[in-house]
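Participant: Following this message is one structure expressed as structure tokens.
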Amino acid sequence: MKINDKSGYKPYTASDGRYEQMQYKRCGKSGIQLPMISLGLWHNFGHADDLLKAQQILRTAFDHGIVHFDLANNYGPPYGSAETNFGRLFKEDFESHRDELFISSKAGYDMWPGPYGNLGSRKYLISSLDQSLKRMNLDYVDLFYHHRPDPDTPLEETMSALDFIVRSGRALYVGISNYPADLAKRAIEILNDLGTPCLIHQARYSMFDRWVEGGLLDVLGNTGVGCIAFSPLEQGMLTNKYVKGIPEGSRAARSMTYLERETVEKNLPKIKALHEIAQNRGQSLSDMAIAWLLKDERVTSVLVGVSSSEQLVANVKALDNLGFSSDELEKIQNVLN
């Protein structure tokens, strides 16, 4: 009897040419090479999202050599659902490719009620990772981050928990995220003393948010730790979306808390000027924004979040033109100042 399934779903077979689609970069002074474009699952993988679309994004990523998938315990919504959905899709499509993948997760923000469901205690970090592994159907993650500094827990306790996580086989590597330069330096030193080096620091970094240039990148460069940049397109401001103003239906038009209309309006002159520079380079603004981050040798990878496979493929095109002339860099700097 014929099955009347019109969903268009097909079992997945990975592209044989997937590693020809991507460029890789060594992560600090380590044995790890990451794709220059990595996929973040912060948005579009929760229970409120289209799981078939999420599956297609993951398949497209892997087919283009994107082997690094980045999650956190509280990604969703609701919290934990991105890991749950990823675990389901991993089991269905990627289990046979586990040794090709570099999967990361994090803990540090609120996850469950009570004193042990937040921040940086040993109990929270280990418990959270155990929960994450169950949700993702994994025996281990390749990389586990402390997601943010804890002002009250001794840094030695947090870093010793990361050391234990590696020694217990729950993760192969550890990293930190959102740490200022001084705390990052101390955390890296503690981990080195414990014998579990810090692999990478995940930091918000874009043309419009350059706080890492105030000392953090120097710390990472001097200590041999990689940097992976998240929010490289500033919630869509560094794309062609707002070049002609704020379109109806966009994030800024809906007054979402993480991208206010006033923020976009204030940056419109810069957006338009950067768009013109990008056009002269034969790139979209988003491609140039990604390439601009990767020009720094200390930046290992750029973490993108996408709502469609087409958007992801467009981001990968940034790698076609990573070079900048001194004149282009000067023009960009003049716009950003």
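The values are calculated or read from the model by the stated rules, or taken from the named source; none is laboratory data. Remember, predicted model here, so these are calculated numbers, not experimental data. Quick reminder, even Gly has a Cβ in these numbers, built from the backbone with ideal geometry, and neighbours come from all protein chains shown. Each accessible area value is taken on the protein alone, full model and side chains, heavy atoms only, with ligands, DNA and RNA left out. Shrake-Rupley method; radii C 1.70, N 1.55, O 1.52, S 1.80 Å.
Participant: Quick check for me: using +1 on Lys/Arg Cβ and -1 on Asp/Glu Cβ, what's the dipole size of the range 140-184 about its Cα centre, in debye to the nearest 20?
Facilitator: About 220 debye.
Participant: At a 1.4 Å probe radius, carbon and sulfur cover how many percent of the accessible area of the chain?
Facilitator: C and S atoms contribute 49 percent here.
Participant: Any chance you could run the full-extension gain for Y24 through S96? It's 0.36 nm times the residue separation minus the Cα-Cα distance, nm to one decimal.
Facilitator: Working it through step by step, the gained length comes to 23.7 nm.
Participant: As I understand it, the dipole of the range 99-190 uses +1 on the Cβ of Lys and Arg and -1 on the Cβ of Asp and Glu, about the Cα centre. Which of P151, Q131, G175 lies farthest toward its positive end?
Facilitator: Going by the Cα projections, it comes out as Q131.
Participant: Out of (1) 158; (2) 167; (3) 120, which label holds the value of volume of the Cα convex hull per residue in Å³ that was computed here?
Facilitator: (1)
Participant: Could you state the number of Å between the C-alpha centres of the range 156-220 and the range 311-327?
Facilitator: That distance is 28 Å.
Participant: What whole-number value in Å² describes the accessible area per residue of the chain for a 1.4 Å probe?
Facilitator: 45
Participant: Moving on. Over 22 Å between C-alpha atoms is what I'm after, so list which of K10/K106; K10/K91; K106/K185; K10/K134 land there.
Facilitator: Among K10/K106; K10/K91; K106/K185; K10/K134, the Cα-Cα distance tops 22 Å for K10/K106; K10/K134.
Participant: Stretch S307-Q333 to full length: gain in nm at 0.36 nm per residue minus the Cα-Cα span?
Facilitator: 6.4 nm
Participant: Now for a separate question. Once you charge only the Cβ atoms, +1 for Lys and Arg and -1 for Asp and Glu, what is the size of the charge dipole of the range 1-79 about its Cα centre, to the nearest 20 debye?
Facilitator: Here the range 1-79 has a charge dipole of around 140 debye.
Participant: So which residue, out of I200, I190, I37, gets the largest mean-square fluctuation from a GNM of the chain using Cα contacts under 10 Å as springs?
Facilitator: I190
Participant: Ordering S105, S307 by accessible area with a probe of 1.4 Å, largest first, what comes out?
Facilitator: S307, S105
Participant: Under a Cβ-only charge scheme (Lys and Arg +1, Asp and Glu -1), can you give me the dipole magnitude of the chain about the Cα centre, in debye to the nearest 20?
Facilitator: Dipole about the Cα centre, nearest 20: 540 debye.
Participant: Right, next: Can you tell me which lysines have their Cα less than 30 Å from the Cα of K331? Leave out same-chain residues fewer than eight positions away.
Facilitator: K25, K241, K244, K266, K270, K272, K295, K317
Participant: Find how many whole Å separate the alpha carbon centroid of the range 79-150 from the alpha carbon centroid of the range 1-77.
Facilitator: The two parts, judged by their Cα centres, are 17 Å apart.
Participant: At a Förster radius of 41 Å, what calculated FRET efficiency corresponds to the Cβ-Cβ distance of Y109 and D16, to the nearest 0.05?
Facilitator: 0.55
Participant: Calculate for the chain the 222 nm mean residue ellipticity that helices alone would give, adding -39,500 (n - 2.57) per DSSP H run of length 4 or more and normalising by residue count, nearest 500 deg cm²/dmol.
Facilitator: Rounded to the nearest 500, the figure is -11000 deg cm²/dmol.
Participant: I'd like the accessible area for E260, computed on protein heavy atoms only with a 1.4 Å probe and all protein chains in place. Round to 10 Å², please.
Facilitator: The accessible area comes out at roughly 60 Å².
Participant: Then there's this: Considering only L268, L319, L336, whose Cα is most displaced toward the positive end of the charge dipole of the chain, charges sitting on Cβ of Lys, Arg (+1) and Asp, Glu (-1)?
Facilitator: The residue sitting farthest along the positive end of the dipole is L268.
Participant: Further, regarding this structure: Could you point to the residue in Y140, Y109, F94 farthest towards the positive end of the range 91-140's charge dipole, with +1 and -1 charges on the Cβ of Lys/Arg and Asp/Glu respectively?
Facilitator: Of Y140, Y109, F94, it is Y109.
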